[in-house]
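Contents: one structure, followed by commentary.
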Amino acid sequence: NISARSNIATATAIAANDLVRDDGATRYETAIEMSKSTFAAGSVDTVVVATGNAFADALAGSSLAGAYDSPLLLVGSTMGTSLKNEIDRLGAGNVVLLGGTAAISDDVAQEFANAGYAVDRIQGQDRYETAAKIAQEVADLTGGVHSAYFVRGDDFAVAIAISPFAYGTPTPILLVRTGSVPAYTSAAIASLGITEGGIAGGYGAVSSDTEDALETLLGNGLERWAGANRYATARLVADAHVASGTASYNYVGVATGLDFPDALGGGAAAGSWNGVLLLTRPDSLVPEVSSALSANKNVIDEVHVFGGTSAVSAAVYSQIAQILQ
């Protein structure tokens, strides 16, 4: 799932330890900038688009974007010229919208259709069924899946770090409640034949009861990545996938851990390069990121900071630059 390198990135030519900021005036523009810096013109047939106002559909859509080798683009109350221009630059004729009309309205869907794109929509009765339907689509595109990631469906904090690995494999993300497994998720496990997987987050996010229920459904134990906080969990997730050979520290994305849009679009960008995603506080570089960058400095080719200075401050950017020197 490595796409052709973009030739219009605003950054200078990539060298060892190159540091780049991908940002736009809004979350929607930032997702577009990530797409520009990752995907070459004419390299994408189908684009995956999710609402920028909620995390669940976009998170679950990470694996679908990976299956299509697509960026994860965000939309609001209108398609907008910038999004259309990016879809046209990518060369895509097909648009897959994630979520129902409460997420992406019929009017917006019609805008895409009027622009000449073939539009498909994947939606369920709620975020849990939408994630299950996305998983089915990934299975159909890839010839079947046997593993999945399981994350809390009502909070993004520890879930977003999974997105690059869902993209790069691609492996579906199924949503659970803290204390139970929704019926849609249980049905997806059975119908897709999922027998293994991993949980992102501690027992406050996904309880031991939920883990036990998942293990019963899978017929196997689950791996769990749980740190003291969202930043530590993101580091654990990254290190585990690097250790397993499914990712590397050659490409590192860094996003704020206090909001989801930049991390989700950035997760797709990182996943397209089989890279990792680390989370930081906006105003101070957390130890989990600084130590990861220091420990892997010799293998890092590039670090992308996702979002503007309100998401990841200039001071944090400077701290990263100092580590990479």
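The values are calculated or read from the model by the stated rules, or taken from the named source; none is laboratory data. Remember, predicted model here, so these are calculated numbers, not experimental data. No Cβ is skipped: glycine too gets one built from the backbone with ideal geometry, and neighbour counts run over all protein chains shown. Side chains are part of the model used for accessible areas, which takes the heavy atoms of the whole protein and leaves out ligands, DNA and RNA. Shrake-Rupley method; radii C 1.70, N 1.55, O 1.52, S 1.80 Å.
Rolling a 1.4 Å probe over the protein heavy atoms leaves residue 146 with an accessible area of roughly 100 Å². Considering every alpha-carbon pair of the stretch 69-157, the percent of pairs per 10 Å bin, from zero through the bin containing the longest distance, is 14, 43, 33, 10.
Using the Cβ of residue 308 as centre and a radius below 11 Å, the other residues enclosed give a net charge of -3, where K and R count +1 and D and E count -1.
The order of 156, 112 by accessible area, most exposed first and with a 1.4 Å probe, is 156, 112. Rounded if a/c is under 1.5, else prolate if a/b beats b/c, else oblate: with a ≥ b ≥ c from the C-alpha gyration tensor eigenvalues square-rooted, which is the stretch 199-243? It is oblate, given that a/c is not under 1.5 and a/b is not larger than b/c. In a simple Cβ point-charge model (Lys, Arg +1; Asp, Glu -1; nothing else charged), the stretch 55-178 has a dipole of about 240 debye relative to its Cα centre.
The apolar share of the surface of the stretch 165-252, taken as the fraction of accessible area on carbon and sulfur atoms (1.4 Å probe, ligands and nucleic acids excluded), comes to 50 percent. When the chain is described by a simple charge dipole with +1 on each Lys and Arg Cβ and -1 on each Asp and Glu Cβ, the residue from 275, 287, 75 located farthest towards its positive end is 287.
Sorted from greatest to least, the principal axis extents spanned by the alpha carbons of the stretch 190-292 come out as 42, 28, 25 Å.
Counting only lysines at least 8 places from residue 36 when in the same chain, those with an alpha carbon closer than 21 Å to its own are 84. Would you mind getting the accessible area per residue of the stretch 175-294, heavy atoms of the protein chains only, 1.4 Å probe, in Å²? So the stretch 175-294 comes to 34 Å² accessible per residue, rounded to a whole number.
Taking the chain, how much of its Cα-Cα pair set, in percent, is spaced more than 35 angstrom apart? The answer is 14 percent, as a whole percent.
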